[in-house]
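Down below is the structure, laid out as structure tokens.
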Number of protein chains: 2
Amino acid sequence: MFTSQPIGFVNSPYKDASEIPKGLGAKHEADGVLKILPEFEPGLTDIEGFSHLIVIWEFDRSHGFELLGTPPSDNRPHGVFATRSPRRPNPIGLTIVELRRREGIDLHVRGVDMLHRTPILDIKPYLSSIPSERLRRGWLAEAEARQRG
Amino acid sequence: MFTSQPIGFVNSPYKDASEIPKGLGAKHEADGVLKILPEFEPGLTDIEGFSHLIVIWEFDRSHGFELLGTPPSDNRPHGVFATRSPRRPNPIGLTIVELRRREGIDLHVRGVDMLHRTPILDIKPYLSSIPSERLRRGWLAEAEARQRG
């Protein structure tokens, strides 16, 4: 097991969780900056060639976990591993962002859904996608269908 | 910051890193089982409705990190955050797997690229995909073009 360490922090327009779009059809198109710590700058070499990045970060303002919970997108409870709840056994969040440009240790991105000053744990290039015709979205598709109906 | 804790372990056909397909065109189609610890079983509720899962896990047999390294898919060095290198500041790995079936605390999946007994940190439903026409793959696309040429 390991102790997490920040490689940087998110500059986000969201100062409070209530400001982050949630629930069915929520769009994450906010612009933000991934501010990487200077000592990790060599790790960004060649990152500007990728259009999308996987950002792994810490839910640093969430405490404890809940194995069953009702997400904002439904009125029924689901297992934490079938949702994006912040109250997880390991408080790890994940967001896919679009990389707009790099300025040194600042990655300007679109699509942030993290709070301002969220610690960043890792960045990976986003490489593949599952074709939509092969993707099943479980309870979320059902919740959407119920709300449409 | 937090200390990671396993929510389960991977049953994988790979006992040594040398057995895992790597480099350009490597396919990850191996079958494996995500064996979740019994105390976390309620967190799996409704997970069987999703076709694909994001598995976040720990590079537990990797030590230290290297900000610049040459991946198996190229002969030029790249920044660690532009690669999937195991030698990262936070030793966090990520794999998207296809969920074939659930048997209690056992998730039978396809597409494992982890070593046997790798600690699992988190599981999230895989929900979205970036259309391939909007995806740029940076140095990896260039390395592929060089090898084809």
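The values are calculated or read from the model by the stated rules, or taken from the named source; none is laboratory data. Keep in mind it's a predicted model, so treat the numbers as computed, not measured. Note: ideal-geometry Cβ built from the backbone for every residue, glycine included; neighbour counts use all protein chains shown.
Given the structure, is residue B:41 touching a residue at least 60 places away in the same chain (Cβ under 8 Å), farther than 29 Å from residue A:37 by Cβ and more than 15 Å from the chain's Cα centre (by Cα)?
Values: touching a residue at least 60 places away in the same chain (Cβ under 8 Å): yes; farther than 29 Å from residue A:37 by Cβ: yes; more than 15 Å from the chain's Cα centre (by Cα): yes.
Yes.
May I ask you to verify whether residue A:40 is more than 17 Å from residue A:110 (Cα to Cα), modelled with pLDDT of 95 or more and out of contact with any Leu (no Cβ under 7 Å at 6 or more places or on another chain)? Taking the combined requirement at face value, the residue does not satisfy it. Filtering the range B:31-53 to residues that are under 25 Å from residue A:123 (Cα atoms) and surrounded by fewer than 20 Cβ atoms within 10 Å (Cβ to Cβ) leaves only B:51. Screening the candidates B:132, B:62 for the property of being surrounded by fewer than 18 Cβ atoms within 10 Å (Cβ to Cβ) and at the interface with chain A (Cβ under 7 Å from one of its Cβ atoms) yields one hit, B:132.
Among the residues of the range A:2-34, those identified as assigned to a strand (DSSP E or B) and not aliphatic (A, V, I, L, M) are A:3, A:8, A:9, A:11, A:31, A:32. Criterion applied to B:36, B:54 was being facing chain A (nearest Cβ under 10 Å), β-branched (Val, Ile, Thr) and more than 17 Å from residue B:103 (Cβ to Cβ), and the one residue passing it is B:54. Taken over the range A:113-129, residues that are surrounded by 16 or more Cβ atoms within 10 Å (Cβ to Cβ) and more than 10 Å from chain B (Cβ to nearest Cβ) amount to 4. Say whether the condition of being within 17 Å of the chain's Cα centre (by Cα), within 11 Å of another protein chain (Cβ to nearest Cβ) and basic (Lys, Arg) is met by at least one residue in the range A:105-112. No, the range A:105-112 contains no residue that is within 17 Å of the chain's Cα centre (by Cα), within 11 Å of another protein chain (Cβ to nearest Cβ) and basic (Lys, Arg). From A:117, A:76, grab the single residue that is modelled with pLDDT of 85 or more, more than 16 Å from the chain's Cα centre (by Cα) and over 16 Å from residue B:121 (Cα atoms). The conditions single out A:76. Residue count for the range A:83-98 under the criterion of being at pLDDT below 95 and at the interface with chain B (Cβ under 9 Å from one of its Cβ atoms): the result is 4.
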